[in-house]
Amino acid sequence: MSEINLRHGIFLPPFHPNEENPTACLERDLDLIAWLDKLGFHEAWIGEHHSAGYEIISSPEIFIAFAAERTRHIRLGTGVVSLPYHHPMMTADRIVQLDHMTRGRVMFGAGPGLLASDAIMMGIDPMTQRDRMAEALDAILRLFRGEIVTEKTDWYTMEGARLHLLPYTKPYPEVAVVSAVTPSGGRLAGKYDLSMICVAATNPFGYDALASNWQIACDVAAEHGRTMDPNRLRLVGPMHIAETREQAFKNARWGFERYLGYLNNNQPRFIVPQGQDALEWFIENRYGVCGTPDDAIALIERLQDKQGEFGVFLQQAHNWADFEATKRSYELYARYVMPHFSKANAPRAGSFQWCGDNRAEFSAKRQAAAKAMFDKHEAEQRERAQPAAARPTRGREAW
């Protein structure tokens, strides 16, 4: 078991079927964040996408500004800003403004951009995206630190660029890079001492690459005289839980095949063998969890066995089930999965066991105390029933 006090959150792309009202979908996403805040989840990361139909949040910063007004405690991160799509100074300015407006609750997640269709629409060669991400990230971190930046690349120019408003959080908000299969995220995390989000921790590609990418980050950090902090490592995986596995599967059949269809429409990833049930195949291959709180605990412990210590488990938010069943899933997670890892109930369990172990002694003492009270009461009643002359004298009357 990890010695780190595991935290919990979601990674919200989001995934919304094309036949639904998109305005209502966005409102429901905000309602979900408010629900998670009420349940005590620690953080939520919001995606940026511009094509393919399902992932309809194009500006995580705008969404975070709305969500911050509806919540009190939960931290809100960009998951992620696709850096090659934005001038670095504009990105830095927006994050700093959110840092002030949320009083330090914002986190800055950065990535190269996941969907090739997004880049192609903007005339960006997907082969350049990871290099451009690295260039932008370096510039943004310098701006966060208050440096004056002058540089020209093949896609942006800065002439004496500086932020006239520095971060609310000192020295700047938490910065995280996404890591999936390639080593680019690990290399940047190690070079700049950043957090890492492994978005594919439970699928076979991400699961196999998880340890190696973290090791890459650790090796690069060591080259710069630092060590990586596993408390800032986040692993992402999909799950839906209910009171029973049967109920969880029933709930998830509402929207699972549409979810899988979208993932494969964008890029063939999960090809279900002919004749097999898609949801059952997905769960049997351990790409995610559809079951009970115990199944959710087992998944996280499997990741701990594979990876060792990590700081946050992020549920990949999806629409496998309808909204009421989805909210119930998160409620069960908060009630039973979170305290399992925080050991919040260990003192209660210890107290319960202590009382049980000493039940005979405690019961005997309670009965003796009760009997003594009855005896005292009966003696006082007898005394009051005696004639006044026969009562024993007390105090001054004894003299």
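The values are calculated or read from the model by the stated rules, or taken from the named source; none is laboratory data. Since we're looking at a predicted model, the values are computed, not measured. Here the Cβ positions follow ideal geometry from the backbone for every residue, glycine too, while neighbour counts run over all protein chains shown.
Let's see how each residue does on (1) surrounded by fewer than 19 Cβ atoms within 10 Å (Cβ to Cβ); (2) more than 13 Å from PRO88 (Cβ to Cβ):
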position	(1), (2)
SER117	yes, yes
MET122	yes, yes
THR128	yes, yes
MET133	no, no
THR150	yes, no
THR157	yes, no
ALA161	no, no
PRO171	yes, yes
SER179	no, yes
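Applying the selection to region 144-170, what residues are closer than 19 Å to THR128 by Cα, touching a residue at least 24 places away in the same chain (Cβ under 8 Å) and hydroxyl-bearing (Ser, Thr, Tyr)?
Once the filter is applied, which keeps residues that are closer than 19 Å to THR128 by Cα, touching a residue at least 24 places away in the same chain (Cβ under 8 Å) and hydroxyl-bearing (Ser, Thr, Tyr), region 144-170 yields only TYR156.
In region 336-368, which residues are of a type in the set (A, V, I, L, M, F, W, C) and over 39 Å from the mean Cα position of the chain (by Cα)?
Listed by number, the residues that qualify are ALA360, PHE362, ALA364, ALA368.
Can you confirm whether region 162-179 contains a residue that is outside any helix (DSSP H, G or I), modelled with pLDDT under 95 and within 16 Å of ARG234 (Cβ to Cβ)?
yes
If GLY185 meets every condition in (1) at pLDDT below 95; (2) assigned to a loop (DSSP other than H, G, I, E, B); (3) crowded, with 18+ Cβ neighbours inside 10 Å apart from one, which number is that one?
(2)
Return the residues of region 99-110 that are more than 18 Å from the chain's Cα centre (by Cα), touching a residue at least 60 places away in the same chain (Cβ under 8 Å) and either crowded, with 22+ Cβ neighbours inside 10 Å or part of a helix (DSSP H, G or I) (or both); say none if nothing qualifies.
ASP99, HIS100
Can you pull out the residues in region 77-124 that are in contact with a strand residue (DSSP E or B) (Cβ under 9 Å, 6 or more places away or on another chain) and basic (Lys, Arg)?
Passing the criteria: ARG94, ARG105.
Table: residues versus (1) at pLDDT below 95; (2) out of contact with any Phe, Trp or Tyr (no Cβ under 7 Å at 6 or more places or on another chain); (3) outside any loop (DSSP other than H, G, I, E, B).
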| site | (1), (2), (3) |
| --- | --- |
| ALA209 | yes, yes, yes |
| ASN213 | yes, yes, yes |
| ALA222 | no, yes, yes |
| VAL236 | no, no, yes |
